[in-house]
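J.: Shown below is the structure under consideration.
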Amino acid sequence: YLYNNRYAGDKVIRLVPGSDKETQALKSVFHQLKVDLWQPSSLSYISEGTVTDLRVPRNSSRVLLPYLQQANIQYTILISDLQQVIEKQTGLRSSRNRR
Amino acid sequence: SVPGYNYEVYHSLKEIQNWMYQLNKTHSDLIHMFSIGKSYEGRPLFVLKLGKRSRRYKRAVWIDCGIHAREWIGPAFCQWFVKEAIKTYQSDPAMRRMLNQLYFYIMPVFNVDGYHFSWTDDRFWRKTRSKNSKFRCHGVDANRNWKVKWCDEGASFHPCDDTYCGPFPESEPEVKAVAHFLRKRRKQIKAYLSFHAYAQMLLYPYSYKYATIPNFTCVESAAYKAVNALQSAYGIRYRYGPASSTLYVSSGSSMDWAYKNGIPYAFAFELRDTGHFGFLLPEALIKPTCTETMLAVKNITMHLLKKC
């Protein structure tokens, strides 16, 4: 596997805070979980209505996704298993490597 | 341009540097490769000077890719641009005019240490790889380290943050080297283009404040024509406008620095996509993304050659 399979089970999710209250709650949980923001590039940019994409490591998603459901914060899963997409992105190369 | 080199896959730093060496050897009439310095980890910072060699004074365009390591489509575009320029110099009147009348300084990978690290260790690394004396975190955001409103809104003083502005402006050897090069040639260079991903946007100054640039009409019309040219290829829409209001406020960016340093046309491209694949844009989309972006860059260049 590429990168020693370190992204297996990681997800990329998208959410759009619907209120300032949600924004503050999300910033706090993102900070604790050390999620990797894909866009925007910093927590300070997140506000009501900001399209927010983040990579959630496998073990963090077991905490974050139930939290979002409980808080009734809508989210979309853009990539459900990051390792698979990474392998596909440079498909040619990884098969070359394997060869 | 380089037999057997596949422009529709992503390449490691080593492959890209070998590609530059090859071009420098086989196309010396149009290409000259040189280094403007060393990265933090000691790698050369290569630039390709593209254009018909001439004793006559020629204006220039600066193009950099790969300021943020994980945005791989950027370096892929820089390679694509060079390939297309060489391939169509004889057959395309517009490209021939561009290369006869201008030089293009092209830096295919700005953040060489970070790009290498994104191939070997962390696919989603963004920053440089400089070490911080106090914290265990590595790296500075090379697009927050320029001496323009440094470390103000939209940048972080914390070394572990992705938008860390660095211990001081131009602390990063990569930023210092490019700033030095551009400063020395500020009279010659008429456009600064920087390629990032992802968001499908064409941005121009200012990033660090909500204000209108003095030559807004000319820059706005260049951007408007460029995104229309881009859309004509596959119907992909790019938003365009001042970075502060189109994307978000950020200080210490290369685009603002280039503009404040006297380069009248400064743009930042946020290439495909809008998040379906994000940084993992598949190799199958390299060709359409680069083809449409070529139209935009040619449009901006032709705008430069006319009087606005």
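The values are calculated or read from the model by the stated rules, or taken from the named source; none is laboratory data. Everything numeric in this text was worked out from a predicted model, so none of it was measured. For neighbour counting, all protein chains shown are included, and Cβ atoms are generated from backbone atoms with ideal geometry for every residue, glycine included.
J.: May I ask you to say which residue of B:Val109, B:Val178 is buried (at least 24 other Cβ atoms within 10 Å of the Cβ), of a type in the set (Val, Ile, Thr) and either within 14 Å of chain A (Cβ to nearest Cβ) or not in a loop (DSSP other than H, G, I, E, B) (or both)?
T.: On the way: B:Val109 fails: either within 14 Å of chain A (Cβ to nearest Cβ) or not in a loop (DSSP other than H, G, I, E, B) (or both).
From the options B:Val109, B:Val178, the qualifying one is B:Val178.
J.: Let me ask you something else. Of the conditions (1) modelled with pLDDT of 95 or more; (2) surrounded by fewer than 15 Cβ atoms within 10 Å (Cβ to Cβ), B:Val47 satisfies every one except a single condition; which number is it?
T.: (2)
J.: Can you name the residue in the range A:76-92 that is surrounded by fewer than 17 Cβ atoms within 10 Å (Cβ to Cβ) and modelled with pLDDT under 90 and is also nearest to B:Gly275 (Cα to Cα) among such residues?
T.: Per the criteria, the residue is A:Lys88.
J.: Given the conditions (1) touching a helix residue (DSSP H, G or I) at 6+ places or on another chain (Cβ under 8 Å); (2) under 18 Å from B:Leu305 (Cβ atoms); (3) buried (at least 20 other Cβ atoms within 10 Å of the Cβ), which single one is not true for B:Gln101?
T.: (3)
J.: Within the range B:226-281, take every residue that is closer than 22 Å to B:Lys209 by Cα and among the β-branched types (Val, Ile, Thr) and give me the one that is nearest to the other protein chains (Cβ to nearest Cβ).
T.: B:Val249
J.: Going by the conditions given, is B:Asp121 within 26 Å of B:Ala76 (Cα to Cα) and not aliphatic (A, V, I, L, M)? I'd like the intermediate steps shown before the answer.
T.: Working: within 26 Å of B:Ala76 (Cα to Cα): yes; not aliphatic (A, V, I, L, M): yes.
Criteria met by B:Asp121.
J.: Here's something else I'd like to know. Which of (1) modelled with pLDDT under 95; (2) crowded, with 24+ Cβ neighbours inside 10 Å is the odd one out, the single condition B:Arg56 does not satisfy?
T.: Tallying (1) modelled with pLDDT under 95; (2) crowded, with 24+ Cβ neighbours inside 10 Å, B:Arg56 fails exactly one: (2).
J.: Exactly one of these conditions fails for A:Pro17: (1) more than 11 Å from chain B (Cβ to nearest Cβ); (2) on the phi > 0 side of the Ramachandran plot. Give me its number.
T.: (2)
J.: Would you say A:Gln74 is more than 26 Å from B:Cys137 (Cα to Cα) and either within 11 Å of chain B (Cβ to nearest Cβ) or not aromatic (Phe, Trp, Tyr) (or both)?
T.: On the way: more than 26 Å from B:Cys137 (Cα to Cα): yes; either within 11 Å of chain B (Cβ to nearest Cβ) or not aromatic (Phe, Trp, Tyr) (or both): yes.
When the stated conditions are applied, A:Gln74 passes them.
The rows are residues; the columns are (1) touching a strand residue (DSSP E or B) at 6+ places or on another chain (Cβ under 6 Å); (2) within 14 Å of chain B (Cβ to nearest Cβ); (3) closer than 17 Å to A:Ile79 by Cβ.
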| site | (1), (2), (3) |
| --- | --- |
| A:Gly9 | no, no, yes |
| A:Val12 | yes, yes, yes |
| A:Glu22 | no, no, no |
| A:Ala25 | no, no, no |
| A:Phe30 | no, yes, no |
| A:Gly49 | no, yes, no |
| A:Thr52 | yes, yes, yes |
| A:Arg58 | no, no, yes |
| A:Val63 | no, no, no |
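J.: If we scan the range B:209-221, do we find a residue that is closer than 27 Å to A:Ser41 by Cα and within 14 Å of chain A (Cβ to nearest Cβ)?
T.: no
J.: Can I ask one more? Considering only the range B:145-172, state which residues are assigned to a loop (DSSP other than H, G, I, E, B) and touching a strand residue (DSSP E or B) at 6+ places or on another chain (Cβ under 7 Å).
T.: Scanning the range B:145-172 gives B:His158, B:Asp162, B:Thr163, B:Cys165.
J.: Just one of (1) more than 14 Å from chain A (Cβ to nearest Cβ); (2) in a helix (DSSP H, G or I); (3) buried (at least 23 other Cβ atoms within 10 Å of the Cβ) trips up B:Asn299, so point out which.
T.: All conditions pass for B:Asn299, except number (3).
J.: Confirm whether B:Asp273 is more than 26 Å from B:Tyr5 (Cβ to Cβ), touching a residue at least 24 places away in the same chain (Cβ under 8 Å) and buried (at least 16 other Cβ atoms within 10 Å of the Cβ).
T.: no
J.: Report whether or not B:Asp141 is over 19 Å from the mean Cα position of the chain (by Cα) and of a type in the set (Asp, Glu).
T.: For B:Asp141, the condition - over 19 Å from the mean Cα position of the chain (by Cα) and of a type in the set (Asp, Glu) - is not met.
J.: Evaluate the range B:138-145: report whether one residue or more is among the aliphatic types (A, V, I, L, M), surrounded by 15 or more Cβ atoms within 10 Å (Cβ to Cβ) and within 14 Å of chain A (Cβ to nearest Cβ). Can you show your working first?
T.: To start, the set of residues in the range B:138-145 that are among the aliphatic types (A, V, I, L, M) comprises B:140, B:142.
Right, trim to surrounded by 15 or more Cβ atoms within 10 Å (Cβ to Cβ) and you get B:140, B:142.
Narrowing the set further to residues that are within 14 Å of chain A (Cβ to nearest Cβ) leaves B:140, B:142.
So far as the range B:138-145 goes, yes, one or more of its residues are among the aliphatic types (A, V, I, L, M), surrounded by 15 or more Cβ atoms within 10 Å (Cβ to Cβ) and within 14 Å of chain A (Cβ to nearest Cβ).
J.: Is it the case that some residue within the range B:126-134 is in a loop (DSSP other than H, G, I, E, B) and within 14 Å of chain A (Cβ to nearest Cβ)?
T.: Pass one, the range B:126-134, residues in a loop (DSSP other than H, G, I, E, B): B:126-130, B:132-134.
Next, from what is left, pick out any that are within 14 Å of chain A (Cβ to nearest Cβ): B:126-127.
Yes: one or more hits.
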